[in-house]
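Presented below is the structure to which this report refers.
Just so you know, all these numbers are worked out from the coordinates, no wet-lab data involved. As the structure is a computational prediction, the values presented were derived from the model and not from experiment. As a convention, Cβ positions derive from the backbone with ideal geometry for all residues, glycine included, and neighbour counts pool all protein chains shown.
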Amino acid sequence: MENTVRLTERTGKAAAERRRGFVPVVVYGAGSETKSYAADVKALNEILGRNPRAILKVTLPGSGTANAVIQEAQRKPLSRELLHIDLHKIDMKSELDTKVALHFVGDSAGVRAGGIQQVELYELDIRTLPDKLKPSLEVDISGLEIGGQLHVSDLPPQEGWTILTPEDTLIVRIATPAVYEEPETEEAAAPQEEVAAAAESEPEGE
């Protein structure tokens with residue numbers, strides 16, 4: 001499915017744009033000046049739901065079309081209402097620095113044995129050509145036992161990618177489950193204290 005976004009000129013402040021079903025969009029990059037537009041919020045939400053790393057075909061008012069990627073999408077923390085979008089215009093023949101989401105797959109042997117999966121890294125910084133972008137990178141954790149770890153250096157190479165995240169960065173670990181020991185209750189401690197007190201009160205033999 002083609003990801004086309006039609007931009008329009010701003011008609012008012014950000015709040016006014018949102019009331020009419022649009023969201024403010026800032027476009028920059030590829031040697032052009034930064035400009036502010038508006039776009040249909042429903043169309044943008046559909047694209048973000050399908051693939052937030054998709055290459056967009058952007059229609060600019062009065063200046064034709066351009067290729068772009070979503071650099072940042074701002075939302076309200078609770079309602080998740082889309083507030084603002086930054087679009088980075090790109091040259092399809094030039095590499096760009098971006099992020100790709102990590103998608104964990106597989107049934108970890110360590111988790112089945114009672115271990116706890118602890119994810120430390122959710123996105124990978126990469127440099128690649130636009131046509132080599134992926135919506136996510138699968139990370140297979142099925143072979144991880146309790147105490148096992150995966151680092152960036154363990155990821156399989158991807159054609160056309162230069163990984164910018166340091167190789168020694170921890171991605172995920174299977175931690176040993178914590179062992180909970182119930183504290184000794186007063187009822188359990190009382191008989192021991194009584195025995196100790198009785199022993200101290202007995203007279204020593206002659």
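Inter-label distance, residue 34 to residue 107: 5.0 nm, where each label sits 7 Å from its Cα along the C-beta direction.
With coordinates expressed along the principal axes, the C-alpha atoms belonging to the stretch 7-47 extend over 32, 24, 12 Å, beginning with the largest. Which residues' amide hydrogens lie under 5 Å from the amide hydrogen of residue 139, considering only partners 5 or more residues apart or on another chain, with H built in the peptide plane? HN-HN under 5 Å from residue 139: 103, 104, 105. With contacts taken as Cα pairs under 8 Å at a separation of at least 6 residues, the chain carries a relative contact order of 16 percent.
Over every Cα atom in the stretch 97-175, the radius of gyration and the widest Cα-Cα span, Dmax, amount to 13.1, 42 Å. Taken along its three principal axes, the alpha carbon spread of the stretch 4-91 comes to 35, 28, 17 Å, from the longest extent down to the shortest.
Looking at the calculated P(r) for the stretch 43-126, what percent of the C-alpha pair distances fall above 21 Å? Within the stretch 43-126, distances greater than 21 Å cover 49 percent of Cα pairs. Among 168, 91, sorting on how many other beta-carbon atoms sit within 10 Å of each Cβ, with the fewest leading, yields 168, 91. Applied to the stretch 143-159, the Karplus parametrisation 6.51 cos²θ - 1.76 cosθ + 1.60 on θ = phi - 60° returns per-residue 3J(HN,Hα) values of x, 7, 8, 4, x, x, 9, 10, 10, 4, 5, 7, 6, x, x, 10, 4 Hz, with x for Gly and Pro. Lysine pair count for the chain with Cα-Cα distance under 22 Å and sequence separation of 8 or more or different chains is 21.
Pairs of Cα atoms nearer than 8 Å and 6+ residues apart set the relative contact order; for the stretch 1-118 it is 24 percent. Summarised as an ellipsoid, the stretch 20-67 has semi-axes of 19, 14, 10 Å, derived from the eigenvalues of the Cα gyration tensor scaled by 5 and square-rooted, with the largest first. Each of 177, 74, 47 was scored by the projection of its Cα onto the charge dipole of the chain, and the greatest displacement toward the positive side belongs to 47; charges sit on the C-beta of Lys, Arg, Asp and Glu. When chymotrypsin sites (Phe, Trp or Tyr not before Pro) are flagged only if DSSP places them in a loop and at most 14 other Cβ atoms lie within 10 Å, the longest unflagged stretch of the chain comes out as 1-121.
Calculated mean residue ellipticity, 222 nm, the chain: -5000 deg cm²/dmol, from DSSP H runs (n ≥ 4) at -39500 (n - 2.57) each, averaged per residue and rounded to 500. Taking 0.36 nm per residue of sequence separation and removing the Cα-Cα distance, the residue 145/residue 57 pair yields an extension gain of 27.2 nm. Computed with the Debye formula from one identical point scatterer per Cα of the chain, without solvent, the log10 of I(q)/I(0) at q = 0.19 Å⁻¹ comes to -1.26.
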